[in-house]
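What follows is a set of notes on a single structure, which appears directly below.
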Amino acid sequence: MNVHQTSDPSEAYIALGANLGDREATLLSAIQLLHQQDKVKVLRCSNLYETEPVGYVDQPSFINMAIAVETSLPPNELLVLMLDIEQRLGRVRDIRWGPRTVDLDLLWYEGTEMNTEQLVLPHPRMAERAFVLVPLSDVVSLQSGFIYTFVQTALERLDERDGIQRWKTCNWPDASALSEN
């Protein structure tokens with residue numbers, strides 16, 4: 001298990017999704033709350049994609065996106081922050097894969113591999129999900145190394161991209177954090 005031990009900033013990727021309330025506003029609020037933290041800087045935002053629900057399908061469509069962040073928080077502390085933001089934005093966990101105001105998933109943390117009860121890195125199912133891979137491909141760059149190759153290869157192997165369509169460009173107010181894609 002390669003666990004991140006340095007306090008130097010690391011690049012991490014987070015998937016965001018919402019299908020209740022004002023989906024876009026909630027996602028932008030989550031990004032802002034992350035960016036306001038001393039040890040987290042949002043680097044890039046993907047486009048927003050409207051996607052059909054997976055797993056529990058009797059629910060509204062999602063808006064999904066991904067962000068790249070630079071952080072000096074260790075992965076487990078970043079996860080705690082993400083869970084706190086979900087709760088602050090009204091997340092209720094009562095149906096697995098059910099409707100939610102917001103969902104934040106830590107996908108990848110600069111080469112860290114870990115498998116604990118709270119966190120598995122890299123995210124174990126990201127290669128199977130178009131609603132994760134398509135937005136993630138917006139924010140990973142060739143300079144990102146392994147994760148870039150991983151995302152491109154996973155997208156090529158993905159059988160289905162039905163049910164995901166570009167909805168709009170992220171209009172998060174910090175223009176420096178917007179994706180160039």
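The values are calculated or read from the model by the stated rules, or taken from the named source; none is laboratory data. All figures in this text were calculated on a predicted structure; none of them were measured in a lab. For neighbour counting, all protein chains shown are included, and Cβ atoms are generated from backbone atoms with ideal geometry for every residue, glycine included. Remember, those area values only see protein heavy atoms, side chains included, never the ligands or the DNA or RNA. Shrake-Rupley method; radii C 1.70, N 1.55, O 1.52, S 1.80 Å.
When the stretch 109-140 is limited to residues that are open to solvent by 20 Å² or more (accessible area, probe 1.4 Å) and hydrophobic (A, V, I, L, M, F, W, C), the one that is farthest from Ile14 (Cα to Cα) turns out to be Met114.
Just the residues that are closer than 14 Å to Pro74 by Cα and of a type outside the set (Asp, Glu), please, taken from the stretch 15-39. Spell out the reasoning first.
Kept after step one, since they are closer than 14 Å to Pro74 by Cα, are these residues of the stretch 15-39: 37-39.
Selection gives Gln37, Lys39.
Evaluate the stretch 141-151: report whether one residue or more is under 18 Å from Asn64 (Cβ atoms), free of Cβ contacts under 8 Å to residues at least 24 places away in the same chain and open to solvent by less than 50 Å² (accessible area, probe 1.4 Å). Yes: one or more hits. Residues that are on the phi < 0 side of the Ramachandran plot, surrounded by 20 or more Cβ atoms within 10 Å (Cβ to Cβ) and modelled with pLDDT of 95 or more do not occur anywhere in the stretch 96-103.
Please work out if Glu52 is charged (D, E, K, R), over 12 Å from Ala15 (Cα atoms) and at pLDDT 95 or above.
On the way: charged (D, E, K, R): yes; over 12 Å from Ala15 (Cα atoms): yes; at pLDDT 95 or above: no.
Taking the combined requirement at face value, the residue does not satisfy it.
Of the strands (runs of 3 or more DSSP E) contained entirely in the stretch 17-84, those carrying at least 1 residues that are charged (D, E, K, R), closer than 21 Å to Gly111 by Cβ and open to solvent by 10 Å² or more (accessible area, probe 1.4 Å) fall at 40-45, 62-71.
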